[in-house]
């Protein structure tokens, strides 16, 4: 056979190597970004607190578990009216915060509607259309399979790949003018951050199960993530393990999908 007529088209080595290096760079960037997200979540989780619900603030149709960890809506009247009670389905925690940083998680897996976040002590408990930052609520909510920031005007719809199953809430009372961040606790994605919140009074975590019979529960992260539901995390241990990785936010808020 006469091989003189055969021509092989060989791609230059430089082109193959360049493509391989580009792919490697992209893979490393993606891996690095994922690890940075996990480190950031671990950083804020070291400020986890143990919370219990305050039945004195519960809307009259809310049912609260005996351990004060879960709440859901019912058609039955569970409490009598009082000045401390909300009329919009809210319940506060017994714990409040007026300085420093704190973090908690809310289990929302398979729940169809929910609202929660943090609220100022002075919010009007007898109005039902004020669940937004203008009136002292910094909240996240799920309705009609869509996730929103602020339950009422101004309502901000978020474009998420999936609805979160467990949401972490981090508050830095003293950072600048105040920060409230919501995380997907399973993927470590930052969902949204309120910045420049201007805190000047006590803040209370709050839950609102809306009209859903599915219970909401505020927890410290589970044993696989920190220590346990009941035990505060070992801060020195996490200081050694986790480097401080800050997620920058600008303007009034930011999202990462």
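Between rounded, prolate and oblate, where does the stretch 112-202 land on the alpha carbon gyration tensor, with a ≥ b ≥ c its root eigenvalues, rounded for a/c under 1.5, else prolate if a/b exceeds b/c? Oblate is the answer for the stretch 112-202, as a/c is 1.5 or above yet b/c matches or exceeds a/b.
First check a/c for the stretch 63-126, with a ≥ b ≥ c the square roots of the eigenvalues of its C-alpha gyration tensor; if it is under 1.5, answer rounded, and if not, answer prolate when a/b is larger than b/c or oblate otherwise.
Values: a/c = 1.75, a/b = 1.13, b/c = 1.55.
Oblate is the answer for the stretch 63-126, as a/c is 1.5 or above yet b/c matches or exceeds a/b.
For the stretch 186-215 versus the stretch 55-90, the spacing of their alpha-carbon centroids is 18 Å.
What is the gain in length, in nm to one decimal, between residue 17 and residue 201 on full extension, counting 0.36 nm per residue of separation less the C-alpha to C-alpha distance?
Working: separation 184, 0.36 × 184 = 66.24 nm, distance 5.95 nm.
That pair, residue 17 and residue 201, stretches by 60.3 nm at full extension.
Is the shape of the stretch 37-241 rounded, prolate or oblate, going by the alpha carbon gyration tensor and its root eigenvalues a ≥ b ≥ c, with a/c under 1.5 for rounded and a/b larger than b/c for prolate? Verdict is rounded for the stretch 37-241. Each of residue 82 and residue 36 was given a label point 7 Å from its Cα along the Cα-to-Cβ line. The distance between the two points is 4.9 nm.
Read-outs throughout are calculated quantities, based only on the coordinates presented, and are distinct from any laboratory measurement. Just so we're clear, the structure is a prediction, and the values are computed from it rather than from any experiment. We place every Cβ from the backbone using ideal geometry, glycine too, and count neighbours over all the protein chains shown.
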